[in-house]
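What follows is a single structure, and I will ask about it in a moment.
The values are calculated or read from the model by the stated rules, or taken from the named source; none is laboratory data. As the structure is a computational prediction, the values presented were derived from the model and not from experiment. Positions of Cβ are backbone-derived with ideal geometry, glycine not excepted, and every protein chain shown enters the neighbour counts. Side chains are part of the model used for accessible areas, which takes the heavy atoms of the whole protein and leaves out ligands, DNA and RNA. Shrake-Rupley method; radii C 1.70, N 1.55, O 1.52, S 1.80 Å.
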Amino acid sequence: MSSRLINWYRFASPATFYPLAGRMIPWFAAAAVIFGMAGLWLGLLVAPTDFQQGEGYRIIFIHVPASWMSMFIYLVMAFWAALGLAFNTRLSGMMATALAPTGALMALLSLWTGSLWGKPMWGTWWVWDARLTSELILLFLYIGFIALQAAIDDPLRADKAGGLLLLVGVINVPIIYFSVKWWNTLHQGSSVSLTKSPSMAAIMLWGMLLMALCFWMYSIAVALARVRIILLERERHTEWVKALLAEDRT
């Protein structure tokens with residue numbers, strides 16, 4: 001094992017990761033504010049009015065990034081779960097636990113803004129559309145993961161049970177993404193693709209991408225703050241936490 005890999009591996013230790021997370025939080029929080037201000041300025045003030053949807057389309061600068069992040073966070077949680085089940089690393093389960101509330105928030109925000117967008121466009125707040133329904137299932141998966149972990153007293157057993165749920169539920173993510181291609185749905189297709197040119201003006205695209213970066217930085221900052229709390233709670237009987245708490249008292 002190379003020395004560089006060993007240096008990275010040592011951050012899997014809660015005692016080493018805790019101060020590292022504390023140093024990173026302000027940077028990610030500041031980046032979230034900067035990207036958010038730039039994205040909202042472009043999206044709400046600079047981007048032109050859409051010739052079909054009018055001013056109502058501007059909700060995409062919240063809706064689309066929230067939808068992307070709801071899927072991405074679940075994939076990251078599933079990655080941490082697989083890592084924890086394969087290598088029995090304590091930090092992996094904690095990271096998945098820390099990300100879950102933010103993922104649920106993003107899924108809820110996606111559904112809520114989608115309803116606000118759907119009412120003037122489709123004439124109704126909700127339809128049992130394939131993409132909407134699969135996104136709702138994603139929200140239920142987040143809630144189920146949180147509830148399952150809360151129902152099990154032993155943190156290690158809770159991490160394993162939650163990890164299995166995450167790995168089973170990960171099949172829903174490609175269903176959300178490809179639902180508009182696989183089924184006849186009211187939901188419009190993707191505006192951004194890796195293989196095609198974007199179907200929107202460049203200024204709109206930049207505004208949406210900046211907001212996506214804002215949501216991404218926010219999610220990392222909040223997850224790091226939350227995992228520090230989880231670390232202190234789970235490691236409260238260890239020497240490094242006792243020393244840290246004693247240092248704070250002085």
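Quick test for you: out of LEU105, LEU75, pick the one residue that is free of Cβ contacts under 8 Å to residues at least 12 places away in the same chain and under 15 Å from SER219 (Cα atoms).
Numbers: LEU75 fails: free of Cβ contacts under 8 Å to residues at least 12 places away in the same chain.
So the residue among LEU105, LEU75 that is free of Cβ contacts under 8 Å to residues at least 12 places away in the same chain and under 15 Å from SER219 (Cα atoms) is LEU105.
Contact list please: Cβ distance under 9 Å, first residue in segment 7-22 and among the β-branched types (Val, Ile, Thr), second residue at pLDDT 70 or above, pairs at least six apart or on different chains.
Short answer, once both residue conditions are applied: none.
Is it the case that ALA32 is exposed (fewer than 15 other Cβ atoms within 10 Å of the Cβ), closer than 28 Å to ALA15 by Cα and either modelled with pLDDT of 95 or more or of a type outside the set (Asp, Glu) (or both)? Walk me through how you get there before you give the answer.
On the way: exposed (fewer than 15 other Cβ atoms within 10 Å of the Cβ): no; closer than 28 Å to ALA15 by Cα: yes; either modelled with pLDDT of 95 or more or of a type outside the set (Asp, Glu) (or both): yes.
The answer is no for ALA32.
Still on this structure, please answer the following. So TYR142 clears everything in (1) open to solvent by 30 Å² or more (accessible area, probe 1.4 Å); (2) at pLDDT 95 or above; (3) aromatic (Phe, Trp, Tyr) except one condition, right? Which one?
Exception for TYR142: condition (1).
With the structure loaded, tell me whether SER219 is at pLDDT below 90, out of contact with any Leu (no Cβ under 7 Å at 6 or more places or on another chain) and either of a type outside the set (Lys, Arg) or open to solvent by 30 Å² or more (accessible area, probe 1.4 Å) (or both) or whether it fails that test.
Working: at pLDDT below 90: no; out of contact with any Leu (no Cβ under 7 Å at 6 or more places or on another chain): yes; either of a type outside the set (Lys, Arg) or open to solvent by 30 Å² or more (accessible area, probe 1.4 Å) (or both): yes.
Against the criterion (at pLDDT below 90, out of contact with any Leu (no Cβ under 7 Å at 6 or more places or on another chain) and either of a type outside the set (Lys, Arg) or open to solvent by 30 Å² or more (accessible area, probe 1.4 Å) (or both)), SER219 does not qualify.
Could you check segment 98-116 and list, in sequence order, the residues that are over 15 Å from TRP68 (Cα atoms) and either touching a Lys or Arg at 6+ places or on another chain (Cβ under 7 Å) or open to solvent by 30 Å² or more (accessible area, probe 1.4 Å) (or both)?
ALA98, PRO101, LEU116, listed by residue number.
Which condition from (1) aliphatic (A, V, I, L, M); (2) closer than 29 Å to ARG234 by Cβ; (3) surrounded by fewer than 18 Cβ atoms within 10 Å (Cβ to Cβ); (4) in contact with a helix residue (DSSP H, G or I) (Cβ under 7 Å, 6 or more places away or on another chain) is the one that ILE137 breaks?
Of everything listed in (1) aliphatic (A, V, I, L, M); (2) closer than 29 Å to ARG234 by Cβ; (3) surrounded by fewer than 18 Cβ atoms within 10 Å (Cβ to Cβ); (4) in contact with a helix residue (DSSP H, G or I) (Cβ under 7 Å, 6 or more places away or on another chain), ILE137 misses just condition (2).
Ok, one more. Only one of GLU235, GLU239 is in contact with a Phe, Trp or Tyr (Cβ under 9 Å, 6 or more places away or on another chain) and either modelled with pLDDT under 80 or of a type outside the set (Val, Ile, Thr) (or both). Can you tell me which?
That would be GLU235, the only listed residue that is in contact with a Phe, Trp or Tyr (Cβ under 9 Å, 6 or more places away or on another chain) and either modelled with pLDDT under 80 or of a type outside the set (Val, Ile, Thr) (or both).
On the basis of being surrounded by 14 or more Cβ atoms within 10 Å (Cβ to Cβ) and more than 30 Å from LEU164 (Cβ to Cβ), does ILE73 make the cut?
Values: surrounded by 14 or more Cβ atoms within 10 Å (Cβ to Cβ): yes; more than 30 Å from LEU164 (Cβ to Cβ): no.
No.
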